[in-house]
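Data first, discussion second: the structure below is written as structure tokens.
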Amino acid sequence: MAFSKARRRMIETQIVRRGVRDPAVLEAMRAVPREAFVSAGLQGSAYEDRALPIAEGQTISQPYIVAAMVQAAQLQPGDRVLEVGAGSGYAAAVLSRIATHVFAIERHAALTDAARARCQVLGYENIAFRTGDGSMGWPEDAPFDAILVSAGGPQPPEALKQQLKIDGRLILPVGNTTEQRLWRIRRLSDTEFPREDLGGVCFVPLIGVEGWHAPSA
């Protein structure tokens, strides 16, 4: 009951007041228990207005950022969505309450396994998880209506652009390894990819062939 109250308060104070008004997004945020995606020691902070640490040096994004990115993707029932940088699985879970099929890729196998297990327990059966290089996407199940990238790269990966449907939306942070701008790129044709700048953000780095190189051991 306490978590349900905190979740409602989060939606009103952190999300709606900042301009996220899409009814489907708000309903998805109400439906997904963020406390199930953080470690036991941090569950009391699950609905605070900030990112929280998870395993492998990664984070679960601030609730507002998740909501803003999902709203920017302009999802419709029936959509097929790719999430790059699945982390805890929280954003994939939110996406799954709107889209029909969600494909979530994560670089760290331990995070992939944990995210899959959480979503299975919660009954979110329309999410496929895999471990791999997210900057290269999920080509065998492309094209996608939307792709959301939960890690910042130096430029939009060409592989992800090519895995969009015509009129598909790519939402991703672009910049350096500490701060980025959130872009929405829309595929209008085989060669037209206009972009919109949605504001400043701060994500962990996108590691991969079309992202940043993995740090040396």
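The values are calculated or read from the model by the stated rules, or taken from the named source; none is laboratory data. Just so it is clear, the structure is predicted and the values come from calculations on it, not from any experiment. Heads up, the Cβs are rebuilt from the backbone with ideal geometry, glycines too, and the neighbour counts pull from every protein chain shown.
Brief remarks on what is shown
- Residue pairs whose Cβ atoms lie under 9 Å apart, sitting 6 or more positions apart in sequence or on different chains, and linking a residue in region 53-65 that is over 10 Å from residue 150 (Cα atoms) and modelled with pLDDT of 95 or more to a partner that is part of a helix (DSSP H, G or I) and of a type in the set (Val, Ile, Thr), are 63/11; 63/15; 64/15.
- Residue among 179, 196 that is in contact with a Lys or Arg (Cβ under 6 Å, 6 or more places away or on another chain) and among the charged types (D, E, K, R): 196
- When restricted to residues that are more than 16 Å from the chain's Cα centre (by Cα) and surrounded by 12 or more Cβ atoms within 10 Å (Cβ to Cβ), region 170-187 contains 5.
- When residues in region 1-39 are screened for being within 17 Å of residue 65 (Cβ to Cβ), assigned to a helix (DSSP H, G or I), of a type in the set (A, V, I, L, M) and free of Cβ contacts under 8 Å to residues at least 60 places away in the same chain, 5 of them pass.
- Residue in region 147-169 that is out of contact with any helix residue (DSSP H, G or I) (no Cβ under 6 Å at 6 or more places or on another chain), β-branched (Val, Ile, Thr), crowded, with 18+ Cβ neighbours inside 10 Å and farther than 17 Å from residue 79 by Cα present: no
- Residues being of a type in the set (Gly, Ala, Ser), closer than 18 Å to residue 144 by Cβ and surrounded by fewer than 17 Cβ atoms within 10 Å (Cβ to Cβ) are entirely absent from region 86-104.
- Subset of region 7-47 (residues that are surrounded by 16 or more Cβ atoms within 10 Å (Cβ to Cβ) and over 19 Å from the mean Cα position of the chain (by Cα)): 43
- Search result, residues across region 66-85 that are of a type in the set (Gly, Ala, Ser) and either farther than 11 Å from residue 147 by Cα or within 11 Å of the chain's Cα centre (by Cα) (or both): 67, 68, 73, 78, 85
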